[in-house]
1. Pick from P145, P192: which is at negative phi and in contact (Cβ under 8 Å) with a residue 60 or more places away in the chain?
2. I need the full set of residues from the range 122-131 which are surrounded by 15 or more Cβ atoms within 10 Å (Cβ to Cβ) and among the aliphatic types (A, V, I, L, M), in order please.
3. Any residue in the range 63-83 that is in contact with a Leu (Cβ under 7 Å, 6 or more places away or on another chain) and without any contact (Cβ under 8 Å) to a residue 40 or more places away in the chain?
4. For the structure I just gave you, tell me whether A107 is small (G, A, S), touching a Leu at 6+ places or on another chain (Cβ under 7 Å) and either modelled with pLDDT under 95 or surrounded by 18 or more Cβ atoms within 10 Å (Cβ to Cβ) (or both).
5. Filter the range 140-183 down to the residues that are farther than 29 Å from A87 by Cα and of a type outside the set (F, W, Y) and list them by number.
6. If you take just the helices (runs of 4 or more DSSP H) that sit entirely in the range 1-86, which of them hold at least 2 residues that are within 20 Å of the chain's Cα centre (by Cα) and surrounded by 13 or more Cβ atoms within 10 Å (Cβ to Cβ)?
7. Sort out which residues of the range 93-132 are assigned to a helix (DSSP H, G or I), in contact (Cβ under 8 Å) with a residue 24 or more places away in the chain and under 25 Å from P192 (Cα atoms), and write them in order of number.
8. Would a scan of the range 113-121 turn up a residue that is surrounded by fewer than 17 Cβ atoms within 10 Å (Cβ to Cβ) and of a type in the set (K, R)?
Amino acid sequence: MTVPVDTRVGDRILRFDRTERVLHWANAVLVIICMVTAAILYFGPLSAVVGRRTLVKDIHVLAGLALPVPFVAALAGRWRAGVRADAARLGRWIGDDTVWLRTRGRAADVRLGKFNGGQKLNATFLAGVLPVLLLTGVIMRWFDPFPDSWRTGATFVHDLGAFGVWIAVTGHIVKSLAEPEMLRSMVSGWVPAGWAERHRPRWHEEVSAPDRTDDRVDRDDRVDASGQR
C-alpha cells in the first residue's frame, strides 16, 4: 500500500516525507555549522581557544554558500510535492495562529492546522534572513568590487541577522525537545493520530476525512496494510 504525505494509516499519520526530512536535517547541519563558526570568529576568547581562524572562516563561508543547495535539490524533481505543499501551509495564516502566538500556546480552544503560529513565524523569518545573510556574507568575503559603505552596511546587517538566527534556532530546538512527537516525526516521518487530534485538530480532520484524495506519493514512504514501513 502506498501512502501519500498527510495520510492516516491506522493510528498513525505520515507527516513528513523523506524529501522533507532530508531537507530539514541538511539545512539544520549547515545552519549549525554557520552558527558555531560565527561564534568562534565573533568572540575573542572562543577564537583564542579554537585557533586556526583562517580555517574556521573558510568553513563558515563554504557552509554559507552551500545553504541553497538542499533547497534546490528538494525542489528539482517529482519528489518536491510535499515540500511545496508544506511551504504553502507555512505561509498561510489563520486566526487561531494569531491567538496561539498571543497566548504563547496556552489557549485551549485554538484549532491549529499542520503547523502552529510559532512554526510559521520561525519559518518565515528564516526564509527571509538566510538569503540576506548569504548576500551580505558574499559582500564581506569578496569585498573588492564594493564601496566601503556597502561593506560597512553588510557587516552590520550580517551580524544583526546572525543574532536573530541564534534566537530563532535556539527557540526551535527548545520547543522541539519539549514536544518529542514533533521531533520523532522529523526522523521517522510519522506522528500518532491521537497527538494530531489533540494538538492539530484542523489538520487531523483534514487527513481523516473519508473522501480525502491526495496524489502526492513518495516511493520511500511505503507501508503495508498493517502500517509498518
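The values are calculated or read from the model by the stated rules, or taken from the named source; none is laboratory data. What you are looking at is a predicted structure, and each value in this text was computed from that prediction instead of being measured. Don't worry about glycine lacking a Cβ; one is built from the backbone with ideal geometry, like all the others, and counts go over all protein chains shown.
1. On the way: P145 fails: in contact (Cβ under 8 Å) with a residue 60 or more places away in the chain.
P192 is the lone residue from the list that is at negative phi and in contact (Cβ under 8 Å) with a residue 60 or more places away in the chain.
2. To start, the set of residues in the range 122-131 that are surrounded by 15 or more Cβ atoms within 10 Å (Cβ to Cβ) comprises 122-123, 125-126, 129-130.
Passing the criteria: A123, L126, V129, L130.
3. Yes, that holds for at least one residue.
4. Values: small (G, A, S): yes; touching a Leu at 6+ places or on another chain (Cβ under 7 Å): no; either modelled with pLDDT under 95 or surrounded by 18 or more Cβ atoms within 10 Å (Cβ to Cβ) (or both): yes.
Taking the combined requirement at face value, the residue does not satisfy it.
5. Taking the range 140-183 as the starting set, the residues that turn out to be farther than 29 Å from A87 by Cα are 140-153, 155-156.
Those that are farther than 29 Å from A87 by Cα and of a type outside the set (F, W, Y): M140, R141, D144, P145, P147, D148, S149, R151, T152, G153, T155.
6. Values: elements: 18-42, 44-50, 53-66, 68-74.
Filter on the range 1-86 gives 18-42, 53-66, 68-74.
7. Passing the criteria: D96, G117, G118, Q119, K120, N122, A123.
8. The answer is no, given that none of the residues of the range 113-121 is surrounded by fewer than 17 Cβ atoms within 10 Å (Cβ to Cβ) and of a type in the set (K, R).
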